[in-house]
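Q: Below is a structure I'd like to ask you about.
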Amino acid sequence: MTENPRLTPAHGDRVQQERSQLAGTVVALVGWAVVVVPIILMSVLIFAAVMEPSQSLAAPARIALIFAGAVLLFCMIAAPHLLGQAVRFKEKAMWRAALITGIPTVCVVLYFVFRWLSNLG
């Protein structure tokens with residue numbers, strides 16, 4: 001492809017260098033390897049808590065649990081991809097999105113790690 005001279009940055013503008021696509025892909029794959037088991041465990045835990053027969057399904061606490069679980073699962077699904085894109089493109093907005101979805105993801109992963117460790121002893 002030929003470069004268009006009109007699209008070159010102005011004298012004072014700074015062009016950010018992208019990292020390779022491989023770096024972003026590796027980070028995203030490592031993120032998926034970390035969150036795949038907690039996603040499954042979280043889904044099962046929410047399903048078991050919601051379907052418990054001692055209360056009505058329409059109880060406000062169960063509805064809140066469904067929405068909170070959906071938000072946490074969305075964060076856990078989105079975080080690895082957003083982190084890989086943030087590593088690749090190095091933009092503040094992408095890092096912000098990765099951080100917003102990454103904090104709840106880390107909390108859920110730590111919850112399951114500590115719950116598993118407490119069952120060992």
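Q: Please determine whether any residue of the stretch 72-88 is at pLDDT below 95, aromatic (Phe, Trp, Tyr), part of a helix (DSSP H, G or I) and out of contact with any Leu (no Cβ under 8 Å at 6 or more places or on another chain).
A: no
Q: Is at least one residue of the stretch 93-106 in contact with a Ser or Thr (Cβ under 9 Å, 6 or more places away or on another chain), within 15 Å of Val27 (Cβ to Cβ), assigned to a helix (DSSP H, G or I) and not aromatic (Phe, Trp, Tyr)? Walk me through it before giving the result.
A: Taking the stretch 93-106 and keeping what is in contact with a Ser or Thr (Cβ under 9 Å, 6 or more places away or on another chain), we get none.
Looking for residues that are in contact with a Ser or Thr (Cβ under 9 Å, 6 or more places away or on another chain), within 15 Å of Val27 (Cβ to Cβ), assigned to a helix (DSSP H, G or I) and not aromatic (Phe, Trp, Tyr), one finds none in the stretch 93-106, hence no.
Q: Go through the stretch 90-121 and give me each residue that's touching a Pro at 6+ places or on another chain (Cβ under 6 Å) and β-branched (Val, Ile, Thr). Break it down into steps so the answer makes sense when it comes.
A: First, the residues of the stretch 90-121 that are touching a Pro at 6+ places or on another chain (Cβ under 6 Å): 108-109, 112.
Listed by number, the residues that qualify are Val108, Val109.
Q: To continue, here is another question. Among (1) in contact with a Phe, Trp or Tyr (Cβ under 6 Å, 6 or more places away or on another chain); (2) at pLDDT below 95, where does Val113 come up short?
A: (1)
Q: Tell me which of these Glu52 doesn't satisfy, since it passes every other one: (1) assigned to a helix (DSSP H, G or I); (2) open to solvent by 60 Å² or more (accessible area, probe 1.4 Å).
A: Evaluating Glu52 over (1) assigned to a helix (DSSP H, G or I); (2) open to solvent by 60 Å² or more (accessible area, probe 1.4 Å) leaves (1) as the failure.
Q: Turning to a different aspect of this structure: Identify, please: which residue in the stretch 1-29 is within 13 Å of Gln85 (Cα to Cα) and open to solvent by 70 Å² or more (accessible area, probe 1.4 Å) and is, among those, modelled with the lowest pLDDT?
A: Restricting attention to the stretch 1-29, the residues satisfying the condition of being within 13 Å of Gln85 (Cα to Cα) are 18-29.
Right, trim to open to solvent by 70 Å² or more (accessible area, probe 1.4 Å) and you get 18-19, 21-22, 26, 29.
Working: Glu18: 82, Arg19: 85, Gln21: 91, Leu22: 93, Val26: 95, Leu29: 96.
By that ranking, first place goes to Glu18.
The values are calculated or read from the model by the stated rules, or taken from the named source; none is laboratory data. It should be emphasised that the depicted structure is a prediction, and the values quoted were computed from it without experimental measurement. Every residue, glycine as well, gets a Cβ built from its backbone with ideal geometry; the counts of neighbours run over all protein chains shown. These accessible areas exclude ligands, DNA and RNA; they are computed on the full protein's heavy atoms, side chains included. Shrake-Rupley method; radii C 1.70, N 1.55, O 1.52, S 1.80 Å.
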